[in-house]
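The values are calculated or read from the model by the stated rules, or taken from the named source; none is laboratory data. Keep in mind that what you see is a predicted model, and the values were worked out from it rather than measured. All Cβ positions, even for glycine, are placed from backbone atoms using ideal geometry, and neighbour counts span all protein chains on display. Side chains included, ligands, DNA and RNA excluded: accessible areas come from the protein's heavy atoms. Shrake-Rupley method; radii C 1.70, N 1.55, O 1.52, S 1.80 Å.
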Amino acid sequence: MSDASTVTIEIDGKTLEVKAGVMLIDIADDANIDIPRFCYHRHLTIAANCRMCLVDVENAPKPLPACATPVMDGMKVHTKSARAIAAQKATMEFLLINHPLDCPICDQGGECELQDVAMAYGGDVSRYTEGKRVVKDKDIGPLISTDLTRCIHCTRCIRFGEEIAGLRELGATGRGENMQIGTYIEHAVSSELSGNVIDLCPVGALTAKPSRYSARAWELNQYPSIAAHDCIGSHLSVHTFRSDTNRIVPIENSEINECWLSDRDRFSYKGLTSRDRLLKPMIKMDGQWRETDWQTALEKTFAAMQDTIRNYGADQIGVLASPNSTLEELYLLKKLTSNIDCFNFDHRLRQLDFSHQDQAPMIPTLGSSITDLESLDSVLLIGSNISKEQPMLGIRLRKAQKKGAKICQINHRVYDLRMPCEVGIAAHYRNLVLELAAVAKALNIDSSLLPHAANTLFVQAQILEKHSQIAEILKNGEKSHVILGNQAISSPYYSLVEIFARAIATSCNCLFGYLTDGANATGAWLTGAIPHRDYNGASQKTAGLNAQSMLEQPRNLYLLHNIEIDYDCADPVTALSAVASSDFVVCMTPYVSSDMQNYADILLPISPYLETSGTFINIEGRVQTFAGASKLKNSEARPAWKIIRVLGNYFDIDGFEFNSSKEILEEIERTIGEFKGDNTATITEATALADKEDVIYRCSEVNMYHSDSIVRRSEPLQNTPEAKEDRIHINADLAKKLNLERATQVLVKHGNKTIAMHLAIDDTVANDCAWTSFATATSKKLGPMYGVIELEAD
Amino acid sequence: MSKSLSQLVSSKAVAEVELWISKYPAEQKQSAVMAALRIVQDENGGYLNRELMDGVAGFLDMPFIAVYEVASFYSMYEHNPVGKYKICVCNSISCMINGSEKIIDYLEKKFGIGVGEVTKDGRFSIKEVECLGACVGAPMMMIGKEYYEDLTPEKIDIIIDGLK
């Protein structure tokens, strides 16, 4: 902004020194002067189509819309003058002409912008005696219910789709009296951010389907909490009716989620009341499941652990915890396991390559703040479908892209990131390493710094146009970022991917960061929920087995915390056979499944997210504590930290005297103290790349609506087209090679498993690659997320 | 996946759309949407369908809904089959004062169809339209690109008989 940027204006007699060119409505909002509005939203572009914000500007021939009138020096504005009020009342009367009087049965009633403004500006009697327009409701999917007769055509939902979500699905078709909001061709909206239009809609035209007709706004209690399904930690408000969660809405936080929330975070709560909930501790006796009391269950758990330690050694215990566990739970689990000399403790359930874990930074972080992503000039996303995996970051990158940032991706599929992508390379997991080596070569990095395994690849790498383009884009950006996404971390060549990614970042002076699985992977690293390090990255006397080895070399006893082993691990088949062959399996779980009943011996019901208190550390390293909000009726579930505390007491370990999760957090703060989210590391250990073969490489992306046990049980999310995506995707070239061009179903052989899957021919997929959605009922029957498979017509 | 435009219309039509695209800056391809819709509509016997609109969207890199918005906004785009001769009768104020309702009645009786319908032989359809800017000759109608003014039932018979 130039210097001559301040002007003096007067609103309602109040003199204000303000920035020139800013819209009147923003100035008035900052000065707490109330101007009614519907179409204006500070995060969306200006439409000025509702006319509700008309104000009286001196010397202007007509009232002007405050949302679209930039301030000018000497401007005198009256928001409450007779002319302003007359204009606003007239607008209100027009808006109410076609609006139905169905407030008593409208979900928006009580929190409706139209109701509120009508109270102030509406007439008490309608002068309109003609017929009102009626608009047929549309089915736009399981998340949003439509009552389009109520629509006042503010177009916020349309602008949101185009500007924020990057996916234009809703539109205004027809004109004049016949204008309607909808998808025109009826289909379920597919945006991962679609639920935000519910908040944006100023009337009851778009409301939340899962909570429809279930409570009135004024009957709800609200509790602040933190979202638990990705590493962002969006702020949200849990609205409860009696003790049930009725709905979830975002809490504005400009540094994290602004005023948005992903559909996954908004609608996952429906999984909390699933019929699969485990209500009481259960114990398997002679192959039969019996309900039991907490004391018996915990004593049995302790006795089983002691038996294993006595007979086989603590090394025969394997402890796996979800990356969605709270900091407190993980801290206590670490304290418990290390005190009994068991180091087989891990949270990296969807990881396959651990070869460089000793050289990893203390905690994985994004390498910048979330807001800083907006000011990037260029980004290279490696193994990341950021718009679906971390929708809030997708929004930030989209903003950067609109300001001119260049987005590049190297993925198994060229993903639709809901924004234009400068360079997109599709490569299966083996070739992805080679593509990175070629980009590194195009940057002329000092190859002597590369470890041997990487150096040979570097020497062989062939630089093509696309590699040079990415190199140029990263080099030319003043502020660039190389990001390793969830799929890079779960790659069987994670170490090589990271070596090249770091080399590229260093050579271009880029930021470097990770996007991790679950809500609290950063916290898990910090509290030592890893087999090779203690709290805060400190060394420990011996290294235990990592998540994958623990399953490849079955242990005698498993303690599973908040996971479903056949969905949450990178290799479901191996995982299931490991727990099946073990002597004893303890599941601390909010849910019970039939598979779990087969492999478990004791089921301890824990309070899931929203019912327990705790702390998550997000990918920026931001520590966020939350309290429980709701409670399931008739459930004896306990917070997991209390269960671990009792086990600690049984083992007679000092320092297990906690009365609240807050006390645990205080101890963590004392023990760990300040920590730095520093991503610096030198990686030299790597898994060698297998030789090139003429085979099909399977690559997977965790389906965003199957990412954890709560989400998998949320009925509305499971009814979305996205959740049902369960096909194997190959490109047309591969289909031709395999003679599958006309096939709709194929037999997929992975390891010793063969299953039938639907086929999708999809040219976004890399050559010789078969892409599948992971953590679904189909994928759990196949082998690991990545691997060589065979395909034939069914 | 939707079909590409070149699978749906003749290469001549595609070339014509491309000509329109070339009239606008390269990054503003969507400016050609109205012309493109008109071209594909003409080629399809006077009306659009979803496949064609999707084809146009794909060709111009536009979201489908953005094309549906345009196609549903303007009255010259048809979404249902029309007759070979689409008789557009103005029913705005000047024509109405001068008896356009009677003209419409006459046409309906003559062809045995209502407004928005097509004769069995597919030759004629009637459409009510807003002011075409020929108030001086009210009541008026438009068939194809021709305006016919100062209409009377007798005059209509002559006009219709004159159509091939």
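Please specify each residue of the stretch B:36-49 satisfying the condition of being over 16 Å from B:Tyr74 (Cα atoms) and either touching a residue at least 40 places away in the same chain (Cβ under 8 Å) or among the charged types (D, E, K, R) (or both). The one that is over 16 Å from B:Tyr74 (Cα atoms) and either touching a residue at least 40 places away in the same chain (Cβ under 8 Å) or among the charged types (D, E, K, R) (or both): B:Glu43.
Just one of the listed residues (A:Ala461, A:Ala454, A:Ala471) is surrounded by 17 or more Cβ atoms within 10 Å (Cβ to Cβ), farther than 24 Å from A:Cys699 by Cα and in contact with a helix residue (DSSP H, G or I) (Cβ under 7 Å, 6 or more places away or on another chain), and it is A:Ala471. Scanning the stretch A:227-278 for residues that are part of a helix (DSSP H, G or I) and either hydroxyl-bearing (Ser, Thr, Tyr) or open to solvent by less than 20 Å² (accessible area, probe 1.4 Å) (or both) turns up A:Asp263, A:Arg264, A:Asp265, A:Arg266, A:Phe267, A:Ser268, A:Tyr269, A:Gly271, A:Leu272, A:Thr273.
Take the conditions (1) within 13 Å of another protein chain (Cβ to nearest Cβ); (2) crowded, with 17+ Cβ neighbours inside 10 Å; A:Arg156 misses just one of them, which is (1). Any chance the stretch A:31-39 includes a residue that's aromatic (Phe, Trp, Tyr), in contact (Cβ under 8 Å) with a residue 12 or more places away in the chain, out of contact with any Pro (no Cβ under 7 Å at 6 or more places or on another chain) and within 30 Å of A:Cys157 (Cα to Cα)? No: the stretch A:31-39 contains no residue that is aromatic (Phe, Trp, Tyr), in contact (Cβ under 8 Å) with a residue 12 or more places away in the chain, out of contact with any Pro (no Cβ under 7 Å at 6 or more places or on another chain) and within 30 Å of A:Cys157 (Cα to Cα). Here the condition is being touching a Lys or Arg at 6+ places or on another chain (Cβ under 8 Å), closer than 30 Å to A:Lys633 by Cα and among the hydrophobic types (A, V, I, L, M, F, W, C); of A:Val249, A:Val203, A:Val197, it holds for A:Val249 alone. Test B:Ala32 against the criterion of being touching an Asp or Glu at 6+ places or on another chain (Cβ under 9 Å) and small (Gly, Ala, Ser), and give yes or no. Yes; evaluated as a whole, the condition is true for this residue.
Restricting attention to the stretch A:249-303, the residues that are closer than 30 Å to A:Met392 by Cα and among the aromatic types (Phe, Trp, Tyr) add up to 3. Taken across the stretch A:523-539, residues that are in contact with a helix residue (DSSP H, G or I) (Cβ under 7 Å, 6 or more places away or on another chain), touching a residue at least 24 places away in the same chain (Cβ under 8 Å), open to solvent by less than 10 Å² (accessible area, probe 1.4 Å) and closer than 25 Å to A:Thr754 by Cα do not occur at all. Of the strands (runs of 3 or more DSSP E) lying entirely inside the stretch A:353-441, those containing at least 2 residues that are touching a strand residue (DSSP E or B) at 6+ places or on another chain (Cβ under 9 Å) and surrounded by fewer than 24 Cβ atoms within 10 Å (Cβ to Cβ) are A:406-411, A:423-426.
May I ask you to list the residues in the stretch A:10-24 that are assigned to a strand (DSSP E or B), within 22 Å of A:Ile85 (Cα to Cα) and out of contact with any helix residue (DSSP H, G or I) (no Cβ under 7 Å at 6 or more places or on another chain)? Residues satisfying the conditions are A:Glu10, A:Lys14, A:Thr15. Looking across the stretch A:162-198 at every residue that is hydroxyl-bearing (Ser, Thr, Tyr) and either within 22 Å of A:Cys259 (Cβ to Cβ) or more than 10 Å from every other protein chain (Cβ to nearest Cβ) (or both), the one that is most open to solvent (accessible area, probe 1.4 Å) is identified as A:Ser190.
Yes or no: B:Lys12 among the basic types (Lys, Arg) and in contact (Cβ under 8 Å) with a residue 12 or more places away in the chain? Taking the combined requirement at face value, the residue does not satisfy it. What do you reckon, is A:Thr173 hydroxyl-bearing (Ser, Thr, Tyr) and touching a residue at least 60 places away in the same chain (Cβ under 8 Å)? Taking the combined requirement at face value, the residue does not satisfy it.
For B:Glu16, are the conditions met, namely being buried (at least 18 other Cβ atoms within 10 Å of the Cβ) and more than 13 Å from the chain's Cα centre (by Cα)?
Yes: the conditions hold for B:Glu16.
Among the residues of the stretch B:37-57, those that are within 14 Å of chain A (Cβ to nearest Cβ), assigned to a helix (DSSP H, G or I) and open to solvent by 50 Å² or more (accessible area, probe 1.4 Å) comprise B:Arg50, B:Glu51.
For the stretch A:66-73, the condition holds for no residue, the condition being that it is within 19 Å of A:Asp124 (Cα to Cα) and buried (at least 18 other Cβ atoms within 10 Å of the Cβ).
Checking each residue in the stretch A:201-217 for being buried (at least 19 other Cβ atoms within 10 Å of the Cβ) and over 14 Å from A:Lys270 (Cβ atoms) picks out A:Cys201, A:Pro202, A:Val203, A:Gly204, A:Ala205, A:Leu206, A:Thr207.
In the stretch B:60-109, the qualifying residues are those that are in a strand (DSSP E or B) and either open to solvent by 20 Å² or more (accessible area, probe 1.4 Å) or among the β-branched types (Val, Ile, Thr) (or both), and the one that is farthest from the other protein chains (Cβ to nearest Cβ) is B:Tyr85.
Taken as a whole, the structure leaves B:Tyr24 outside the set of residues that are among the aromatic types (Phe, Trp, Tyr), away from every other protein chain (no Cβ under 14 Å) and either surrounded by 18 or more Cβ atoms within 10 Å (Cβ to Cβ) or in a helix (DSSP H, G or I) (or both).
Given the condition under 14 Å from A:Gln222 (Cβ atoms) and without any contact (Cβ under 8 Å) to a residue 12 or more places away in the chain, answer yes or no: does some residue in the stretch A:232-246 qualify? Yes, that holds for at least one residue.
Does the stretch A:674-684 include one or more residues that are under 18 Å from the mean Cα position of the chain (by Cα), open to solvent by 10 Å² or more (accessible area, probe 1.4 Å) and at pLDDT below 95? No; the residues of the stretch A:674-684 include none that is under 18 Å from the mean Cα position of the chain (by Cα), open to solvent by 10 Å² or more (accessible area, probe 1.4 Å) and at pLDDT below 95.
Have a look at A:Glu163, A:Glu186 and point out the one that is modelled with pLDDT of 95 or more and either among the polar types (S, T, N, Q) or within 29 Å of the chain's Cα centre (by Cα) (or both). On inspection, the qualifying residue turns out to be A:Glu163.
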